[in-house]
Amino acid sequence: MFYREAGQYKTAYATDQRIFPILQDRAAFTALMVAAFVVIPVTGNDYWFNGLLIPLLILSLATLGLNILTGYAGQISLGSAGFMGVGAFAAYNFMLRVDGMPILGSFVLASLCAALIGVLFGLSCHRIKDFYLIVATLGSQFFIEWVLTKFAWLTDYNPSGVITAQKIVILGVAFDTPMRRYLLVLTIVVLMTLAAKNVMRSAFGRNCMAVRDMDVAAEVIGINVFRTKLTAFAMSSFYCGMAGALWAYAYVGTVEPQAFDLDRSLQILFMAIIGGLGSIMGSFLGAAFVMLLPIVMNMAGSAMFGHSIDAGIVANVEHIIYGALIIWLLIVEPHGLVRLWQIGKEKLRLWPFPR
Amino acid sequence: MEFFFEVLIGGLLAGVMYSLIALGFVLIYKASGVFNFAQGAMVLFAALTFVNLVERGLPFWLAFAATLAVMALLALLVERLVLRPLANQPPMSLFMATIGLAIVIEGVGQLVWGSKAYGLDLGIKDVPFELGGVRVSQFDLFAAAVAGTLVTALSIFFSRAATGRALRAVADDHQAAMSIGIPLPRMWRIVWAISGAVALVTGLLWGSRLGVQFGLVVVALKALPVLILGGFTSVAGAIVGGLIIGASEKLAEIYLGRYIGGGIENWFPYIFAMLFLLVRPHGLFGERRIERV
């Protein structure tokens, strides 16, 4: 009753093409933005920013990147974390070696580096597809990890092979408190999400979906399949690269190549699948779910058993529940959490009246 | 030159071990079209179970049989709880489910058997002996013999036994197989159980080489380049692919690693397989798919 489009007429093409065509959606989105930009910075504490919101936003960005490639263009990738690593280490080196490099400039350049490497490995999609592509992207994952560990120049000859991110200063403002870093990450993530949403509604986005649904058919109707796939690879790695740079600069500060290992790639893939492939919003829902699950289980575990049980056992049980939940989710909702959201919206049209 | 041959033979024999893991993948992929990411976890789980049973005083053959039973039970559970509810889902969902399965199996294995690393002694001495001036590891030869026996047994099973032929029918075409009365779920149970048995043999060989520890899961990932080199659907491909990967990896480590730094074993097989695929997109023995709109 309250959530419906009845009576909302579209009188111009601009209104027809809005991201949120329904007034209620726009209001909800505005409220969300106000909450994220005003309410949370005022009320949140450092633990919330550092332990939860910043990594959540960054991983959402990486998931979004993977979703562009896997969800929209249909190319499976197990290399997202590798591209994050490229972003982080490239940003560090740009800051280190170029005098007077603005930090945002280095982020963008680093993401472009990641995009370039993504394209390089993406070239293989010219001939390879489906599960065969897993191996190619797995190769990129291990190769990047090896390069980052092997070549000391990349870490400025740090004896323990880690990079320590420089301070973030933009136009004389130092982003040194968790709250400020949160705002920086939030701004970048929101802007890039809006960009992704619009790109995916454009001709390129539709080409991607056509390639995903059936590449032979897409080719027949005149879509350049190879170029579409490559662009998807570039865009996806760009997003992952930015996420990696933010991970190093706005989240951990000191980062080693192992932070971007296969487990991270799998985690990002889980986020994309659980959230819902081919959905921008799903990236955020999935990231939130996968990130919060261990935290919630941890709290539940210590609440139920206290510290009487060996931590190793608790960790293993968490592992099992995590894996089982993934299988269960795939069984009950193969289209991800975003599908539940859509069902909820459908129900909301009638609520509070019975059907 | 002798050194070259030594490296080559060492690599080929190591490749046999990769083939063994790849074999488990191929069996499941052929029969159910599932890209089983959990094969590595199954290898670890089987080896852990076996080692712990032996440590509890069971004789070798009893422990072996008991572990086989456990793997069969696992196959039963997987079919019932994972495959059946996910029937007719896209391959991607099934692949994701097997990643979840891998996490569960690893968790259960470590919960039940603990997470410490075990040594495993099969009673085969790892002493190299000379063969025409080239040193060959005795253990590797043994592993190759085991792999050979396993492959022969499997191919006899697939070509002679009724169940084996039914499995081949399933691999060829699910619907056609069902229409002539082959029960698909039972075939899945059987093939997962066989994969479990292969995982046990693999786990024992790898375990006695590297110790039974978590690293086995990462080793098992090496089966992927082997697989795509050989083609997902071919048992022969798994063997040949394994040999090629093993040999090229060792040769690259020695001759290429000199110039670009060591430790390239970790990624070389993947890149090698990728480059190979650019030439032959379906692997050496994979079925060439004809695509229609």
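Taking region B:96-109 on its own, how many of its residues are within 14 Å of B:Ser32 (Cβ to Cβ) and more than 7 Å from chain A (Cβ to nearest Cβ)?
Of the residues in that region, 1 qualify.
Checking A:Ser140 against (1) over 17 Å from A:Ala81 (Cα atoms); (2) within 12 Å of chain B (Cβ to nearest Cβ); (3) polar (S, T, N, Q), which test does it fail?
(1) is the only condition that A:Ser140 fails.
Which one of B:Leu86, B:Leu48 is within 14 Å of chain A (Cβ to nearest Cβ) and within 16 Å of B:Ala31 (Cβ to Cβ)?
The match here is B:Leu86.
Take A:Trp146 and decide whether it is free of Cβ contacts under 8 Å to residues at least 40 places away in the same chain and buried (at least 16 other Cβ atoms within 10 Å of the Cβ).
Yes.
Within region A:206-236, can you find the residues that are within 21 Å of the chain's Cα centre (by Cα) and farther than 21 Å from A:Leu120 by Cα?
A:Arg206, A:Met209
Look at A:Asn198 and say whether it is on the phi < 0 side of the Ramachandran plot and touching a residue at least 24 places away in the same chain (Cβ under 8 Å).
yes
So B:Val240 ticks every box in (1) within 13 Å of chain A (Cβ to nearest Cβ); (2) in a helix (DSSP H, G or I) but one. Which box is left unticked?
So the condition that B:Val240 fails would be (1).
Working only within region A:142-156, note down all residues that are over 16 Å from A:Met95 (Cβ atoms) and of a type in the set (Asp, Glu).
A:Glu145
For region B:1-34, name all the residues that are crowded, with 22+ Cβ neighbours inside 10 Å and not in a helix (DSSP H, G or I).
B:Val34
Under 6 Å between Cβ atoms, at least 6 apart or on separate chains: pull out the pairs that start in region B:158-184 with a residue that is surrounded by 17 or more Cβ atoms within 10 Å (Cβ to Cβ) and end on any residue that is of a type in the set (Lys, Arg) and part of a helix (DSSP H, G or I).
So the pair list comes out as B:Phe158/B:Arg168; B:Ala171/B:Lys30.
Collect the residues in region A:99-130 that are assigned to a helix (DSSP H, G or I), more than 18 Å from B:Trp267 (Cα to Cα) and within 14 Å of another protein chain (Cβ to nearest Cβ), keeping them in residue-number order.
Hits for region A:99-130 are A:Cys125, A:His126.
For the list (1) under 24 Å from A:Val162 (Cβ atoms); (2) crowded, with 24+ Cβ neighbours inside 10 Å, I need the number of the one condition that A:Gln267 fails.
(2)
Give me the residue from region A:33-80 that is of a type in the set (A, V, I, L, M) and outside any helix (DSSP H, G or I) and, out of that set, nearest to A:Lys229 (Cα to Cα).
Checking each candidate, the answer is A:Ala73.
For every residue, the table says whether it meets (1) in contact with a helix residue (DSSP H, G or I) (Cβ under 8 Å, 6 or more places away or on another chain); (2) at pLDDT below 85.
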site: A:Ile273; (1), (2): yes, no
site: A:Gly276; (1), (2): yes, no
site: A:Ile280; (1), (2): yes, no
site: A:Phe284; (1), (2): yes, no
site: A:Met299; (1), (2): no, yes
site: A:Ser308; (1), (2): no, yes
site: A:Ala315; (1), (2): no, yes
site: A:Pro334; (1), (2): yes, yes
site: A:Pro352; (1), (2): no, yes
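Regarding A:Ile68, is this residue within 30 Å of A:Met209 (Cα to Cα) and among the β-branched types (Val, Ile, Thr)?
Yes.
Check region A:176-187 and report whether any residue there is in a loop (DSSP other than H, G, I, E, B), more than 8 Å from chain B (Cβ to nearest Cβ) and under 30 Å from A:Asp46 (Cβ atoms).
Yes.
Would you pick out the residues in region A:2-20 that are of a type outside the set (Gly, Ala, Ser) and loosely packed, with under 10 Cβ neighbours inside 10 Å?
A:Phe2, A:Tyr9, A:Thr11, A:Tyr13, A:Asp16
Got a number for residues in region A:200-224 being within 14 Å of another protein chain (Cβ to nearest Cβ), surrounded by fewer than 19 Cβ atoms within 10 Å (Cβ to Cβ) and in a helix (DSSP H, G or I)?
5
Here is a check on your reading of the model: is B:Ala220 surrounded by 24 or more Cβ atoms within 10 Å (Cβ to Cβ), at pLDDT below 80 and either at negative phi or part of a helix (DSSP H, G or I) (or both)?
It is true that B:Ala220 is surrounded by 24 or more Cβ atoms within 10 Å (Cβ to Cβ), at pLDDT below 80 and either at negative phi or part of a helix (DSSP H, G or I) (or both).
Assess whether A:Tyr13 counts as being free of Cβ contacts under 8 Å to residues at least 40 places away in the same chain and within 17 Å of A:Leu292 (Cβ to Cβ).
no
Show the residue pairs meeting these rules: Cβ distance below 6 Å; 6+ apart or different chains; first residue within region B:57-84 and crowded, with 17+ Cβ neighbours inside 10 Å; second residue of a type in the set (Phe, Trp, Tyr).
From region B:57-84, the pairs are B:Ala63/B:Phe50; B:Thr67/B:Phe50; B:Ala75/B:Trp192; B:Val78/B:Trp192; B:Glu79/B:Trp188; B:Leu83/B:Trp188.
Any residue at all in region B:206-225 that's within 13 Å of the chain's Cα centre (by Cα), within 14 Å of another protein chain (Cβ to nearest Cβ) and among the small types (Gly, Ala, Ser)?
yes
Within region A:81-98, track down each residue that is polar (S, T, N, Q) and either buried (at least 23 other Cβ atoms within 10 Å of the Cβ) or not in a helix (DSSP H, G or I) (or both).
Residues satisfying the conditions do not exist here.
Please find, among B:Val82, B:Val51, B:Val108, the residue that is assigned to a helix (DSSP H, G or I), touching a strand residue (DSSP E or B) at 6+ places or on another chain (Cβ under 8 Å) and at pLDDT 85 or above.
The conditions single out B:Val51.
Can you tell me which condition A:Val290 does not meet? The list is (1) within 14 Å of chain B (Cβ to nearest Cβ); (2) more than 15 Å from A:Ile54 (Cα to Cα), and all the others hold.
(2)
Would you mind finding the one in B:Ser32, B:Ser115, B:Ser93 that is at the interface with chain A (Cβ under 9 Å from one of its Cβ atoms), polar (S, T, N, Q) and either free of Cβ contacts under 8 Å to residues at least 12 places away in the same chain or more than 25 Å from A:Gln267 (Cα to Cα) (or both)?
The match here is B:Ser93.
Which of the residues spanning region A:314-328 are of a type in the set (A, V, I, L, M) and crowded, with 20+ Cβ neighbours inside 10 Å?
Result: A:Ile326, A:Ile327.
The values are calculated or read from the model by the stated rules, or taken from the named source; none is laboratory data. In this text the structure is predicted, and so the values were computed from the model without any measurement. Positions of Cβ are backbone-derived with ideal geometry, glycine not excepted, and every protein chain shown enters the neighbour counts.
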